[in-house]
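**Student:** My structure is below; once you've seen it, I'll send some questions.
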Amino acid sequence: MIRIVSLLPAATEIAAALGLMDEVVGVSHECDFPSEANDRPRVTHCSVHNSGLTSCEVDKWVRRALRESGDIYTIDEPLLRKLQPDVILTQRLCDVCAVGYGTVEKLAQTLPSPPRVVNLEPTSLPDIFDNIGHVAEACNVPERAQKLIGDLSERVENVRERAVSIPDRRHCFLMEWVDPPFCSGHWGPELVEIAGGQDSLGRKYQRSAQIDWQQVLDARPEIIVLALCGYDIDRARRDYELLRRFPGFDSIPAADSGQVYVVNASAYFARPGPRIVDSLEILGGILHPSEFPEFVSRGPDDRRVVRIG
């Protein structure tokens, strides 16, 4: 049996979707899906995780930690040695998302039998599908990836084909952080486009970036989606209360028409695994509810998406 340690929530989901959950012997502190992940030893730690800090305080803490030490996570090295992994799934895409790739690679080389370190670094939807193939290949189940990617691609094309004929490309601001404001990046704007919208503030295939609030006021989005990195519905609701106090918020068309939504970005939008396709479908239901009624929010108790504006 191959022994897998996953340092990424998305990688854990990929492994599970490939039927490899029994081989996963260790996970990160953020891995929570599928439910079996919560039974695995946690190999990483972050002192700010579930700390109760405000978004502004989290932003300041992260910036300071990266400036002073270059990393915001720690690895339980004795535990990693005990687990004796054959494969470690990690990333070098974002220093804020997980332990830095260099740290993992350096530590892996000191283990008695150095494991294969698999770098997952997607910036687009096709990249995410490629990552599924990389994990499957590293874990000796390449044939399983073909079916999984095929099923996910079919769902993507279902949304794309239905949205392409919609003439109204609604202007949507996919917001990744509130205090300070960040636009979305990487695959976020791409998902908006496929679902039949446009995000003029987004940075497709690039890192998300801090923007001036005035840019949002000037863009006048018809829809605002709070896809706040690492936040679930309840935590995003709290930041909505902060957002609605920003100067000029009520003048934005999305606010005036009540088209503001919070989504579970921790499970979907910010997690580049199989459920990224759920994110696309959620956007379809937000942008064009009459075309995608099956994806529309089911009300205030929906754990995927809630309309709060």
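**Student:** Please list, in chain and number order, the residues 5+ apart from Arg116 or on another chain whose amide H is under 5 Å from its amide H, with Hs placed from the backbone.
**Tutor:** Val87, Ile88
**Student:** When the expected Rg is taken as 2.2 N^0.38 Å, what fraction or multiple of it is the alpha-carbon Rg of segment 191-309?
**Tutor:** Normalised Cα radius of gyration, segment 191-309: 1.00.
**Student:** Let me ask another. Modelling each spin label as a point 7 Å along the Cα-to-Cβ direction, I'd like the Glu36/Asp256 distance in nm, to one decimal.
**Tutor:** Simple spin-label model gives 5.2 nm for this pair.
**Student:** Over the heavy atoms of Ile194, what accessible area does a 1.4 Å probe trace out, to the nearest 10 Å²?
**Tutor:** Here the residue's solvent-accessible area equals roughly 10 Å².
**Student:** Now, a different point. Can you compute the modelled spin-label distance between Glu294 and Lys147, with each label point 7 Å from Cα toward Cβ, in nm?
**Tutor:** A separation of 2.1 nm, rounded to one decimal place.
**Student:** Between Arg245, Arg203, Arg81, where does the largest GNM mean-square fluctuation fall for the chain, given springs only between Cα atoms within less than 10 Å?
**Tutor:** Checking each option, the largest mean-square fluctuation is seen for Arg245.
**Student:** State whether segment 96-175 is rounded, prolate or oblate according to the following rule on the C-alpha gyration tensor (a ≥ b ≥ c being the square roots of its eigenvalues): a/c under 1.5 gives rounded; otherwise a/b larger than b/c gives prolate, and the remaining case gives oblate. Walk me through the numbers before you get to the answer.
**Tutor:** Values: a/c = 6.13, a/b = 1.83, b/c = 3.35.
Oblate is the answer for segment 96-175, as a/c is 1.5 or above yet b/c matches or exceeds a/b.
**Student:** Compute a Gaussian network model of the chain, connecting alpha carbons closer than 10 Å, and tell me which residue from Pro142, Pro126, Pro112 fluctuates the most.
**Tutor:** Pro112
**Student:** Picking from Ile252, Leu125, Ser290, whose Cα lies most toward the positive end of the charge dipole for the chain (charges on Cβ: Lys, Arg +1; Asp, Glu -1)?
**Tutor:** After comparing all options, I get Ile252.
**Student:** Determine the percent antiparallel among the DSSP beta bridges restricted to the chain, to the nearest 5.
**Tutor:** Once the DSSP bridges in the chain are tallied, antiparallel ones form about 30 percent.
**Student:** Across the chain, how large is the tail of the calculated P(r) beyond 24 Å, expressed as a percent of all Cα pairs?
**Tutor:** Cα-Cα pairs in the chain separated by more than 24 Å: 53 percent.
**Student:** Roughly how many Å² of Thr54 are accessible to a 1.4 Å probe, to the nearest 10?
**Tutor:** Approximately 70 Å² of Thr54 is accessible to the 1.4 Å probe.
**Student:** For a test of understanding, tell me how many lysine pairs in the chain have Cα atoms under 28 Å apart, given they are 8 or more places apart or on different chains.
**Tutor:** Working: Lys60/Lys106; Lys60/Lys204; Lys82/Lys106; Lys147/Lys204.
Taking the Cα cut-off of 28 Å, the pair count is 4.
**Student:** Note down the magnitude of the dipole of the chain about its Cα centre, charges +1 on Lys and Arg C-beta and -1 on Asp and Glu C-beta and zero elsewhere, to the nearest 20 debye. Let's see the in-between values first.
**Tutor:** Values: 34 positive and 46 negative charges, 99 e Å.
It works out to roughly 480 debye.
**Student:** Taking amide hydrogens as modeled 1.01 Å from N in the peptide plane, which residues meet the under 5 Å criterion relative to Lys204, leaving out close sequence neighbours?
**Tutor:** Residues meeting the amide H criterion: none.
**Student:** Follow-up question, since we're still on this one. GNM, the chain, Cα, under 10 Å: largest mean-square fluctuation among Val43, Val62, Val135?
**Tutor:** Maximum among the listed residues: Val62.
**Student:** Could you derive backbone 3J(HN,Hα) for segment 194-210 from the dihedral phi with the Karplus parameters 6.51, -1.76 and 1.60 (θ = phi - 60°), listing whole Hz in sequence and x where the residue is Gly or Pro?
**Tutor:** Those phi angles translate into 4, 7, x, x, 9, 10, 5, 8, x, 10, 4, 6, 10, 5, 4, 8, 5 Hz.
**Student:** Another question about this same structure. With labels modelled as points extended 7 Å from the Cα through the Cβ direction, what inter-label distance (nm, one decimal) is found for Leu217 paired with Glu157?
**Tutor:** Taking the two extended label points, one gets 4.7 nm.
The values are calculated or read from the model by the stated rules, or taken from the named source; none is laboratory data. On a predicted model such as this, the values are computed, not experimentally measured, just so you know. Because the Cβ atoms are built from the backbone with ideal geometry, glycine has one as well, and the counts that use them run over all protein chains shown. Each accessible area value is taken on the protein alone, full model and side chains, heavy atoms only, with ligands, DNA and RNA left out. Shrake-Rupley method; radii C 1.70, N 1.55, O 1.52, S 1.80 Å.
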